[in-house]
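Taken together, the values in this text are just the output of simple stated rules run on the coordinates, not laboratory data. Nothing here was measured: the structure is a model prediction, and the numbers come from that model. Counting neighbours? That spans all protein chains shown, and the Cβs are built from the backbone with ideal geometry, glycine included.
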């Protein structure tokens, strides 16, 4: 798992397309006058990362609604993320964690070895790129 809080972590991202997406997100924030560190951080999942590893980095289980506790595969579940967007090589999932707008963006590569429940959640709720809010 790669935690991106600024540009210095970007070279650690193995996929060139995911690296470019992360760079673009940071540039988008900068163009709007924001610094990533002020608004949160980006987590890039890697093959072999466990759900427990993921939870320890973001502070909650992304498979469950943080407010209701319901898991994505239970009746009555409603997403706690803002959106999930699909790209050819990955999903982008955004969580806003408080009223200040602080949050975490999660990049989930579409490849074998990524937690299957996380991939299933992303597939179920993903928007095509042009439909991102």
Which numbered condition in (1) under 17 Å from residue 1 (Cα atoms); (2) touching a strand residue (DSSP E or B) at 6+ places or on another chain (Cβ under 7 Å); (3) not in a loop (DSSP other than H, G, I, E, B) is the only one that residue 46 fails?
(3)
For segment 56-94, how many residues meet the condition of being free of Cβ contacts under 8 Å to residues at least 40 places away in the same chain and in contact with a helix residue (DSSP H, G or I) (Cβ under 6 Å, 6 or more places away or on another chain)?
2
Can you work out which of the residues in segment 64-84 that are under 12 Å from the mean Cα position of the chain (by Cα) and surrounded by fewer than 18 Cβ atoms within 10 Å (Cβ to Cβ) is nearest to residue 100 (Cα to Cα)?
82
Tally, over segment 41-52, of residues that are surrounded by 12 or more Cβ atoms within 10 Å (Cβ to Cβ) and closer than 17 Å to residue 122 by Cβ
7
What number of residues within segment 95-114 are free of Cβ contacts under 8 Å to residues at least 24 places away in the same chain and in a strand (DSSP E or B)?
1
Select, from 53, 117, the only residue that is more than 10 Å from the chain's Cα centre (by Cα), under 22 Å from residue 22 (Cα atoms) and in contact (Cβ under 8 Å) with a residue 40 or more places away in the chain.
53
Would you pick out the residues in segment 1-40 that are outside any helix (DSSP H, G or I), in contact with a helix residue (DSSP H, G or I) (Cβ under 9 Å, 6 or more places away or on another chain) and crowded, with 18+ Cβ neighbours inside 10 Å?
2, 4, 13
Within segment 85-94, count every residue that is part of a strand (DSSP E or B) and either buried (at least 21 other Cβ atoms within 10 Å of the Cβ) or more than 9 Å from the chain's Cα centre (by Cα) (or both).
6
